[in-house]
Structures are given as C-alpha cells and as structure tokens.
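Taking it in order: structure first as structure tokens, then the write-up.
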Amino acid sequence: MARPMRTAAIIPCFNEERAVAGVVAELRAFDPAIVTVVVDDGSSDATARVARETSLVIRLPVNLGIGGAVQTGIRYAARHDFDACIQVDGDAQHVAGEIAALLKVRAETGASLVIGSRFIGEGSFRSTAMRRVGIGLIASTLATLFGVRVTDPTSGFRLMDRRAIALFAEHYPQDFPEPVSIAVAVEHGLSVAEAPVSMRERVHGTSSLAGLRSAAYMFRVIGYLVLVRLKRFL
Ligand SMILES: Nc1nc2c(ncn2[C@@H]2O[C@H](COP(=O)(O)OP(=O)(O)OP(=O)(O)O)[C@@H](O)[C@H]2O)c(=O)[nH]1
Ligand SMILES: [Mg+2]
C-alpha cells in the first residue's frame, strides 16, 4: 500500500508572537497530520517560545530575511523526505482551509509550484492600488521574460512538490524570493500554476512593504528578473 502523502507547512516568522500560535492551530485544524515548521527569523520577541508550545521550531541565529527563512524550511523538508511543502505566512493572512484549493490545482495540473492567488476567483482583500499595479507589472515581466502566466507573483502562500523542494533546497533567491523563485522554477523546467485564494488583512505586527516602498520594491524586482533572464546568455 502506498504510504500517505507527508506534508510540511513552512511558516517564516519575524516578530509574529501574537499571530503564530493561531496560524499553527489553523493548519492543524485543517489537517492534523501536517508537520508545522516555524522558522523564527531572528525575532526579538517571543515568537520562538510561543511557537514551541505547539510546533516544531527552527530558530535562525540572525535575521536572514524571508528568502533565507523559507529556504531553511524547504531544506528541512528535503532532508526529511517530505512529499510536499506548503509555504504559509506567520502573520495569519492566509487561510489554512484554502490549502485544499492549492491541492486541487496540483491534482488537476500536476504543477510543481502552485501559487495561491488573490486575483483570481472571489477574494475580498486585494491589497492597495499601488501594490496591485506593481504586482501587475511584475507579472507582465515574468510573462515576457519567462513565458509564465501568473496573476499574484508576490504571494507567500504556495505549494511545492518534491521537484520544487529539491530545486529550492539548492537554489532559492534571497532577494525578492517569491517572484524570483517563479523564474528559477521555470528556468529549471518546472511547471507553475495558480489557485484562487483569499487573503486576510494583517491584524498584528507591521508590514514590510508599505506605501512608496512598494514602488521601489517593484522596480528592484523587475531589474532582478532581467538579470536572472540574462544569466542564460552568460
Ligand atoms: N518583514 C519580514 N518578514 C519576514 C522576515 N523573515 C520572515 N518573515 C515572515 O515572512 C512573512 C511575510 O512577511 P510580510 O511582512 O507579512 O509580507 P507581506 O505579507 O508581503 O506584506 P503584508 O501584506 O503587508 O503583510 C511573515 O510571516 C513574516 O513574519 C524578515 O526578515 N522580514
Ligand atoms: Mg503579510
């Protein structure tokens, strides 16, 4: 008999002491068999202590940023032979029950990377106008340079299969990891698909991308994607 699929939920956290317990509990409620891996990215608050009460915790000694935090979790999943990884933000913006939508698209398309998109389907919270324009331009850049069509390239709610886990354990961008990892996946022949999800507004803590910083972020991501594309010719 085939063994059941083993899934790890990778939860990058930077100062999420007020949200992380709820995120873990919600994931467990969705699937009691899921292994939650909280990656505490050098938080200065009680994130690790709170998370340890209900979850496996990997505590990074310094703040690596979201790319390093997620890759640490992916390496854990690779080393422990998980079949799939779900990346979920530690700020409770993602809805654990919607992992079902990611799994459905994975089953239908066989894609190695399934991105939860708030821009397809019936989502309620769609972020600010400035961010939406930025996200649209990043999506156009990915389509033009890499031929991949996605609507929500900065989404941090994603499913990775074994192939994606193996690739990202070795090659995961540290700068702008969500959009750039889509390009990395395509460059390595992996297929990418999207599933409709909703996203809650952040309740606790502070956003890393407010106001004008989101415009600067967009230009930097696009520049970075051009560099990734040019590497083909180096
Ligand atoms: N800001 C930040 N977040 C990190 C870092 N390392 C891990 N994270 C986690 O990465 C996740 C995503 O970060 P957010 O700041 O929420 O980014 P976002 O969801 O794109 O932005 P918002 O919509 O404003 O919440 C959260 O769970 C953070 O706790 C880091 O160095 N800085
Ligand atoms: Mg967030």
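Taken together, the values in this text are just the output of simple stated rules run on the coordinates, not laboratory data. Computed from a prediction, not measured in an experiment: that's the story for all the values here. No Cβ is skipped: glycine too gets one built from the backbone with ideal geometry, and neighbour counts run over all protein chains shown.
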Distance in nm between label sites at Thr144 and Arg229, each 7 Å beyond Cα in the beta-carbon direction?
0.6 nm
What is the sum of charges, Lys and Arg at +1 and Asp and Glu at -1, for the other residues whose Cβ falls under 13 Å from the Cβ of Arg213?
+2
If R₀ is 35 angstrom, what is the calculated FRET efficiency for the pair His188 and Arg49, using the beta carbon separation as r and rounding to 0.05?
0.40
Would you mind listing how long the chain runs along its three principal axes, going by Cα atoms, in whole Å with the largest first?
47, 46, 38
Collect residues whose amide H, placed 1.01 Å from N in the peptide plane, falls under 5 Å from the amide H of Ser117; neighbours closer than 5 in sequence don't count.
Ala195, Val197
Grab the Cα-Cα distance for Ile120 and Asp81, subtract it from 0.36 nm times how many residues apart they are, and report the gain in nm with one decimal.
10.8 nm
If I require 18 Å or longer along the helix axis, counting alpha carbons, and a Kyte-Doolittle average no lower than 0.5, what helices from the chain are left? Use full DSSP H segments.
129-146, 212-230
Residues of the range 140-176 with amide N under 17 Å of the 7 Å Cα→Cβ point at Val133
140-141
Given the -39500 (n - 2.57) contribution per DSSP H run of 4+ residues, what per-residue ellipticity at 222 nm results for the chain, rounded to the nearest 500 deg cm²/dmol?
-13000 deg cm²/dmol
